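Derivation of every value follows stated rules applied to the coordinates shown; laboratory data play no part. Bear in mind that the values here come from a model prediction, so they are computed numbers and not experimental data. Don't worry about glycine lacking a Cβ; one is built from the backbone with ideal geometry, like all the others, and counts go over all protein chains shown.
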Amino acid sequence: MTTVAGAPRTSTGRAARIESSTRRRHRTMLPVILIAPAVLLLLAFTVAPAIYAVILSFLHLQISGGLLGTGTPHEVWAGLSNYIETLTDPEFWQSLGRMLLIAAIGVPATIALSTMFALCLDAKRARLVGITRLAIFLPYAVPGVIASLLWGFMYLPATSPIGGNVIDYFGSTGIFFAVANVAVWSVVGFNMVILYTAVRSLPADVFEAAEIDGASELQIALRIKLPLIAPAITMVTLFSVIGALQLFNEPTTLKPLANAITSTWVPLMRVYAQANVNNDIYGGAASSFILIVMTVGLAVLVNLIGRHGFKRGTR
Amino acid sequence: MFHKKRSLVIAGASALAVALTALTGCSSGSSPSDNSADSGSVVHLRYVNWDGGMQTVVDEWNKANPKVQVKLIKPSGTGYTLYNKLITNNKAGTNPDVTEVEYQALPALIANKVVVSLDKYLPDLSKNFSASALSQVQFQGKTYGVPQNVCPMIFFYRKDIFDAAGITAPPTTWEEYAADAAIIHEKNPSQVIGNFTAADAGWFAGLAQQAGANWWTTKGDTWSVGIDDAASVKVAEYWQGLIDKGLVSPEPNWSAQWNTDMNKGNIVGWVGAQWAPNQFPSIAKDTAGKWVAAPLPAWNAGDKTVGIWGGETEAVTANSKHPAEAAKFVNWMNGSTDGINSLIKNVQAFPASTAGQKLPALQTPPPFMSNQPDYNTLMATEAQNVRTFQIWGPNANVTFDSYTNAFGSALQNKTSLADALTTMQTATVSDMKKIGFTVSNK
Amino acid sequence: MTTIAITGARKKHPNLVPTIILVIGALYCFLPVLWIVIASTKTNDQLFGTPTFLPSFTGGFFTNLQALFAYNNGIFGRWVLNSVIYAVGGGLLSTVIAGAAGYALGKYRFTGSVWIFRAIVAAVLLPQIMLAVPQFLLLAKFGMTNNYAAVILPQLVSPFAIYLCKIYAQAAVPDELMEAARIDGSSEWRIFWSVGSRLMLPALVTVFLLQFIGIWNNFLLPFVMLNNDQLYPLTLGLYGLMIVTGGQAAQYSIVIAGVLVSIVPLAILFLSLQRYWKIDLISGGVKI
């Protein structure tokens, strides 16, 4: 099938014409065909369930009278009552607070560690770069649930090789660090690779000039490389923040080991408990929607701060 | 080389697409049974259960019943995780034919129309089961299962350590228990008489039952909820005293820490239940033969009442296409001599059936309690003394979940356990009202 | 020139500070994995009895492996097979889908392309938990739960993968090349098939690996969709193993062995395909 959109084949101004003719490529169906599977699947498995979830958030289940219900329970319109219930539930706000606390520990730690490792990988004459890079990336290959089981054994006084019988990893303050640690451990390698690539793609002449001027390796790293990879750091922060908001696997897996972790300890656990323990998918849907709105807000905020900070850095 | 790789990717992907379509069709489990009930063809049933040793029981049925073959499935979660899955999957029609159901969860499954009544398939159960046993499976005149076992709460203790501490007889009242707790802890500060578990609402419910509580009562179609009634508060405050003095551990049962403490002799007693010897080998293997079972301490000297912890029946799901055969299987397992014998041997159940309680197989104690040959005689006696709630609520899942959170926090933050009961009460009542049950509480 | 001379002179002694930091980081990341390897050599008694970092050489490793594969009539082997099916099948299919979509978005402008891309990226914000039960309910209406497709289909569209393919397509498939092919009379499809997808291969391999890992590790979706333990992947099976046995200490050894076995394939995949995939693609700025 030939679909040349009538581009004249003269040799003058060919480059310009190539550019404009590419944009004029409306006649071919190929991109639509290529993107169709993705769009269909997205509609079926993301958009449709999301819409369904929104609808569910406005309903709730009613039994039809009698001691144990005479008929099958049916759904009735609930208006905003699910939303109000979530927003007025002190447990919801407490779970949010706990999650933010873990984020406050985990996100800076992730960024600091991955940045530090990335810069170290790029340092001149650093040794063992290949193997340490692989080792630090390894946790990414470990499923979240398995990672939590691993660290669970590491924290348990009975099996702990890191002083679990002295430090109470499951105590009321310790538990936040314990959970944050598992999350940080899992993602620091992935983020390190992102930042490392960003550093590697910086033009070398900038720091070579600084080197000639007598700047030390450390000064170059902190004053030159760091500000130049600020956009990548923003992206890493964004992913980490979103990940922190969706914290679920780690506390769920550690829960059987720790009195401190309740079934509604972080917001997504609360959603899960509502949907799968209390059999209230309607309340769960409402809570999820509220969380999504908050996530979007926070993501926009992080992005704005990042851009603003970036502008400052290059002045 | 790139060329080969890319065609490989595409070929692999198309092959998989085809395979997937095929797999969608022939997946094992999208329909409860593969055969229609032609006479002469085999009926296949699926049965979900998490007890260890159940496969042998199922195998025995399969051997004796070639026309009705049962497949045992292990769930990915026990208790309410499983029950909630059953409720969700009920709409999809994919539930197995038969499921294990603990007594406290049966009303919730009935209210959600997950299980069906079995009266037309079962013989008259009152011949073989006491009224109190049947009350766990019968509601509003309909029968939903055949009671499998009765699990009176029992006190297990390390006789060797008690003797060394100068305690020659197990405590018969809770007052004595507290006193013994002090003696043991003083003699050896690394030892405690037991633990308070925030992980098992059933444990606390059993203790509340002993004290006379009734968390739910009904009058006609109206419910009344009394989780923080006087009896339950009494139990909570009693244990609060022991916890505050450091005489019992706040470790949840079956945590790795608790297992180690039990195995090493740091915890020297367990307020457990009839099925404990079944669990002991995986908790505290090294202590086999050292534990002795005794009746649970009482609130008033001479009072023999005890509560229950656990106990289950099998139920037939609404999704089952062969309820008659499924009911037959359930009745065999929990109501016939062969089935009960198999349960006793493989799962160490203590049958709820009165005839079952007289079976000679019970004269052998469970392997872990080889030092106590009359273990099952004690169980038979205690089974006569059980008292349970008048009825379990239709949303006991909410109550049980609330227990874990409220008591877990209370233990963590060292706040009042009685207040935790009130939290449970509020959560349960508001949930019931939301779903539309008629509740007399404010 | 001068630069080469300077760096050449400095090659003598290693830079200690970054090296030490990296080693500490590597140890931190590797420690738990090392622990699992050591713990899997111990039998259950030795697990709680012996010093933690002392491996046992009394054959506990093989006992554990045997017990693992014998458990419940060999269901662990089935779980491994299931994980492979989900991850390889899902990985391949989603790579094809992402590659095609990325190419379309990166090399063409058509009505709605911008908004489709934004929608795909925005999907990242939706937590899986919120979607899992509605996905289940929707599939249930068509009777399509509790089978392999139910677990694979929802994971086929990965916003991150499509994003990667899009930027890689933009960077690696030159417009000039496409235009030259068009002038020579190739159809668009031909261009995609012979030129575009070949040039995108490093991205495709990267995407496959990322998707493989993601699907291999996924716990929640199989948990919601599957009722039948014959269909469980490793993550679900192991988690269930821990829970169903009531956290019985006796099963820890089997769980530990299972955890080790579940990590091994991923590690092998990483190492063997290291040559082919560009881990560097994951960052936003692509240098080919």
(request) Taking every Cα atom in region A:205-283, find the radius of gyration and the maximum pairwise distance Dmax, and write them in Å. (result) 22.5, 68
(message) Give me the net charge for the shell around C:Tyr232: Cβ to Cβ below 12 angstrom, other residues only, Lys and Arg +1, Asp and Glu -1.
(response) +1
(request) Restricting to chain B, compute how many DSSP beta bridges are antiparallel as a %, nearest 5. (result) 65 percent
(request) Compute the distance in nm between two label points, each set 7 Å from the Cα along the Cα-to-Cβ direction, one at A:Asp168 and one at B:Ala179. (result) 3.2 nm
(request) Report the charge-dipole magnitude of the protein assembly as shown in Debye, nearest 20, computed about the Cα centre from +1 at each Lys and Arg Cβ and -1 at each Asp and Glu Cβ. (result) 4540 debye
(message) If you take each beta carbon of peptide C:30-37 and count the beta carbons of other chains within 10 angstrom, what is the mean?
(response) 6
(message) Quick check on the protein assembly as shown: what does the Kirkwood estimate of hydrodynamic radius come out to from the alpha carbon pairs, in Å?
(response) 31.4 Å
(request) Obtain the nm distance between the two label points defined at C:Asn72 and B:Glu186 by a simple spin-label model: each point lies 7 Å from its Cα along the Cα-to-C-beta direction. (result) 5.0 nm
(request) Give me D for region C:77-178 in µm² s⁻¹, whole number, from Stokes-Einstein with Rh from the Kirkwood sum over alpha-carbon pairs, 10 °C and 1.306 mPa s. (result) 103 µm²/s
(request) Report, to two decimal places, the Cα Rg of region B:252-355 normalised by 2.2 N^0.38 Å (N = number of residues). (result) 1.39
(request) Can you tell me the equivalent ellipsoid semi-axes for region C:110-236? Use √(5λ) from the Cα gyration tensor, largest first, whole Å. (result) 36, 16, 14
(message) Could you derive backbone 3J(HN,Hα) for region B:434-440 from the dihedral phi with the Karplus parameters 6.51, -1.76 and 1.60 (θ = phi - 60°), listing whole Hz in sequence and x where the residue is Gly or Pro?
(response) 4, 6, x, 6, 7, 10, 7
(request) Give, as a single signed number, the net charge of other residues whose beta carbon lies under 11 Å from the beta carbon of C:Pro159, with Lys and Arg counted +1 and Asp and Glu -1. (result) +2
(message) Under the √(5λ) rule applied to the eigenvalues of the Cα gyration tensor, what semi-axes describe the equivalent ellipsoid of region B:381-442? Give them in Å, descending.
(response) 22, 21, 10
(message) How large is the direction-averaged shadow of the alpha-carbon convex hull of region B:100-181, in nm²?
(response) 8.5 nm²
(message) What distance in nm separates the two pseudo spin-label positions at B:Ser370 and A:Ala112, each 7 Å out from Cα along the beta-carbon direction?
(response) 5.7 nm
(request) Work out the charge dipole of the protein assembly as shown with +1 on the Cβ of Lys and Arg and -1 on the Cβ of Asp and Glu about the Cα centre, then indicate which of B:Trp61, B:Ala410, A:Leu41 is farthest towards its positive end. (result) A:Leu41
(request) For B:Trp216, list long-range residues whose amide hydrogen, built 1.01 Å from N in the peptide plane, is under 5 Å from its own amide hydrogen. (result) B:Gly226, B:Gln390, B:Ile391
(message) I'm a student and want to see the number: the projected area of the Cα convex hull of chain B, averaged over all directions, in nm².
(response) 27.1 nm²
(message) With the cut-off at 22 Å, tell me which of the pairs B:Lys63/B:Lys285; B:Lys113/B:Lys321; B:Lys187/B:Lys245; B:Lys159/B:Lys345; B:Lys63/B:Lys127; A:Lys255/B:Lys187 have Cα atoms farther apart than that.
(response) B:Lys63/B:Lys285; B:Lys159/B:Lys345; B:Lys63/B:Lys127; A:Lys255/B:Lys187
(request) Report the net charge of residues surrounding B:Gly269, where surrounding means a beta-carbon distance below 11 angstrom and charges are Lys +1, Arg +1, Asp -1, Glu -1. (result) +1
(request) Write down the Å³ per residue value for the convex hull defined by the alpha carbon atoms of region B:175-319. (result) 155 Å³
(request) Find the relative contact order for chain B and round it to a whole percent, using C-alpha pairs within less than 8 Å whose residues are 6+ positions apart. (result) 24 percent
(request) State the percent of C-alpha pairs, over all pairs in region B:128-241, separated by a distance greater than 19 angstrom. (result) 61 percent
(request) Could you list which residues have their amide H under 5 Å from that of B:Trp223, counting only those 5 or more apart in sequence or on another chain, with H placed in the peptide plane? (result) B:Thr438, B:Val439, B:Ser440
(request) Could you sort B:119-127, C:132-140, A:280-288 so that the peptide with the highest average Cβ count within 10 Å comes first and the rest follow in order? (result) A:280-288, C:132-140, B:119-127
(request) For a label point 7 Å from the Cα of B:Ser430 along Cα→C-beta, name the residues of region A:71-88 whose backbone N is under 20 Å from it. (result) A:78-88
(message) With Kirkwood's inverse mean 1/r over C-alpha pairs for Rh, give me the Rg to Rh ratio of chain A, two decimals please.
(response) 1.09
(message) Just checking the output field for A:116-128: average partner chain Cβ neighbours within 10 Å of each residue's Cβ?
(response) 6
(message) Can you give me the long-range amide H partners of A:Leu59? Hydrogens built in the peptide plane at 1.01 Å from N, cutoff under 5 Å, separation of 5 or more residues or another chain.
(response) A:Ala78
(request) Stick to the Cα atoms of region B:313-390, pair each with every other, and give me the Kirkwood hydrodynamic radius in Å at one decimal. (result) 14.0 Å
(request) Arrange B:Thr423, B:Thr337, A:Thr264, B:Thr168 by Cβ neighbour counts within 10 Å, fewest through most, would you? (result) B:Thr168, B:Thr337, B:Thr423, A:Thr264
(message) From the phi angles alone, apply the Karplus equation (6.51, -1.76, 1.60; θ = phi - 60°) to region A:250-266 and give each ³J(HN,Hα) in whole Hz, x where the residue is Gly or Pro.
(response) 5, x, 5, 6, 7, 3, x, 8, 10, 4, 5, 8, 8, 7, 10, 5, 10
(request) Take peptides B:223-229, B:245-251 and line them up by average Cβ neighbours within 10 Å, highest first, as a rough protection proxy. (result) B:223-229, B:245-251
